[in-house]
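Asks: The structure follows.
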Amino acid sequence: MSRLLRNVEVGDWLRIVIDGLQIFEEIKRADDFVIATDSYKFTRYGQTCPKPTPNVIVEPATVDQVERWKTRQARI
């Protein structure tokens, strides 16, 4: 299994999809195995932590994705 989140670090953003709902969160803590945002923890393999949850997808977010999301949030 490849380490999906191997190159992310504190300050980067994650695109998190939960039951089809897309959100973006900034990484607050990162070590060799766990990546944490304010609301979630993931392994570097992209699984929720401490227990894998099948309805959650996570990947590094691009700058463009985050900017579009922030723009939409500002309009709400």
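Asks: Checking GLU59 against (1) outside any strand (DSSP E or B); (2) surrounded by 13 or more Cβ atoms within 10 Å (Cβ to Cβ); (3) among the acidic types (Asp, Glu), which single condition isn't satisfied?
Replies: (1)
Asks: How do the pairs read when you match residues in the range 50-76 that are closer than 28 Å to PHE33 by Cα with residues anywhere that are part of a loop (DSSP other than H, G, I, E, B) and among the β-branched types (Val, Ile, Thr), using Cβ under 9 Å and keeping only pairs 6 or more apart or on different chains?
Replies: Listed pairs, sorted by first residue: PRO60/VAL8.
Asks: Give the range 4-36 a look and list any residue that's in a loop (DSSP other than H, G, I, E, B), surrounded by 12 or more Cβ atoms within 10 Å (Cβ to Cβ) and either touching a residue at least 40 places away in the same chain (Cβ under 8 Å) or touching a helix residue (DSSP H, G or I) at 6+ places or on another chain (Cβ under 6 Å) (or both), or say none.
Replies: Across the range 4-36, the qualifying residues are LEU4, LEU5, VAL8, ASP12.
Asks: Can you pull out the residues in the range 37-46 that are among the β-branched types (Val, Ile, Thr) and assigned to a strand (DSSP E or B)?
Replies: Answer for the range 37-46, where residues must be among the β-branched types (Val, Ile, Thr) and assigned to a strand (DSSP E or B): just THR43.
Asks: In this structure, does ARG75 turn out to be modelled with pLDDT of 95 or more and not small (Gly, Ala, Ser)?
Replies: So ARG75 fails the test.
The values are calculated or read from the model by the stated rules, or taken from the named source; none is laboratory data. Predicted model only: the values in this text are computed from it and were never measured. As a convention, Cβ positions derive from the backbone with ideal geometry for all residues, glycine included, and neighbour counts pool all protein chains shown.
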